[in-house]
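These notes concern the structure reproduced below.
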Amino acid sequence: MSPLWPETVQLAIGPEALCLSRRGEPALSLPCNGDWEACLAALPALPRRTRLAVCVADRHVRYLRLDWPAGLKAGERAAFVEHRFHAVFGAGPWVVQADRDAICLPSLGVALPAALEAALQGFVRSRGLRLVALEPAFPRSYNRLRPRLRGDGALARLEAGRVTLGLWQGGQWRAVRSQPVACADAAEAVACLVTLLATLPPAAATTGNTSVNTLYLCGAADSAATIDMLPAGWRGVHLEGGE
């Protein structure tokens, strides 16, 4: 008997592999060398009308903190975001996204390789599937963990070979950085934080003498490892469940 509602399947596009997860079945992992069409074509058949939710590893994504110019019209937002990513990361081509709710406040912008997005769209069309979500890994983790984040601080997401860190203050994004590392661990997350703080004006790098900022770690971190060598006024917390 067929199900009453289409199944939702999770597809993680990792740094070097695809991981397909279906309820009640072991996850399937396949190596991926960046040839998106060939890698997706190697995935097993899925029932037609299956809902596909895709998460893209930070290695394949570019991030920017966006400051919206005064007087920018709603219809101009997409062009502005595209211009900013092209100016910082080159022509790409990119598929860009930004927080639609942040009209005046600084927001987080993301860019995915256009070839990846096109390959996914072709894949779901050829298989009769529905692409219901296409999320970069860092904002996905942040949104899942947001109820557990308190006060001012930063979230560092660790994946194989990369640290991605977003810093906020007073409910606003202050900066974001995603960088390759030899070993994604707590020490590299702290080093990323120190480097990022050094790029900010003093007022943006601290929240005052009596405030304590928190560096939250999620991803491939060893939850038993201590978070050492934090800047003054910072504490470290390991989180789980953001993947």
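Restricting attention to the chain, close to 60% of DSSP beta bridges with both partner residues there are antiparallel. For residue 175, the residues whose amide H sits under 5 Å from its own are 167, ignoring neighbours fewer than 5 places away on the same chain, with H placed 1.01 Å from N.
Note that region 160-173 has calculated 3J(HN,Hα) couplings of 3, x, 7, 10, 10, 10, x, 10, 10, 8, x, x, 10, 5 Hz, one per residue in order, obtained from phi through the Karplus relation 6.51 cos²θ - 1.76 cosθ + 1.60 (θ = phi - 60°); glycine and proline are x. In vacuum, with every alpha carbon of region 99-175 counted as one equal point scatterer, what does the Debye formula give for log10 I(q)/I(0) at q = 0.13, 0.15, 0.17, 0.20 Å⁻¹? Two decimals, please. The computed values of log10 I(q)/I(0) come out as -0.54, -0.69, -0.83, -1.01. Residue-wise HN-Hα couplings along region 122-127, as the Karplus relation 6.51 cos²θ - 1.76 cosθ + 1.60 with θ = phi - 60° gives them from phi, are x, 4, 5, 5, 5, 9 Hz; Gly and Pro carry x. Protein heavy-atom accessible surface, 1.4 Å probe, per residue over the chain: 53 Å².
About the centre of its Cα atoms, the chain shows a dipole size close to 720 debye [charges on the beta carbon of Lys, Arg (+1) and Asp, Glu (-1) only; nearest 20 debye]. Where the accessible area of the chain is counted over protein heavy atoms with a 1.4 Å probe, how much of it, in %, is carbon and sulfur? That fraction is 53 percent. When shorter helices are ignored and each DSSP H run of at least 4 residues is given -39500 (n - 2.57), the per-residue value for the chain at 222 nm works out to -7000 deg cm²/dmol.
Of all beta bridges that DSSP places with both ends in region 47-137, some 60 percent have antiparallel geometry. Our coupling estimate for region 132-140, obtained by passing each phi through the Karplus curve with A = 6.51, B = -1.76, C = 1.60 and θ = phi - 60°, is 9, 7, 9, 10, x, 5, 5, x, 4 Hz, Gly and Pro reported as x. Gyration tensor analysis over the Cα atoms of the chain returns equivalent ellipsoid semi-axes of 33, 23, 16 Å (largest first, whole Å). Remark on residue 217: its backbone amide H falls under 5 Å from those of 156, 237, 238, 239, a criterion applied only to residues 5 or more positions apart or on other chains, H modelled at 1.01 Å from N.
Distant-in-sequence amide contacts of residue 50, defined by a placed amide H-H separation under 5 Å and a gap of 5 or more residues or a different chain, comprise 130. Of all the options 199, 214, 50, the one that moves most in a Gaussian network model of the chain with Cα springs shorter than 10 angstrom is 199. Applying D = kT/(6 pi eta Rh) to region 123-223, where Rh is the Kirkwood radius over alpha-carbon pairs, T corresponds to 20 °C and eta to 1.002 mPa s, the Stokes-Einstein value obtained is 144 µm²/s.
The values are calculated or read from the model by the stated rules, or taken from the named source; none is laboratory data. From a predicted model like this one, the values you see are computed outputs, not experimental measurements. As a convention, Cβ positions derive from the backbone with ideal geometry for all residues, glycine included, and neighbour counts pool all protein chains shown. Accessible surface areas use protein heavy atoms only, side chains included; no ligands, DNA or RNA. Shrake-Rupley method; radii C 1.70, N 1.55, O 1.52, S 1.80 Å.
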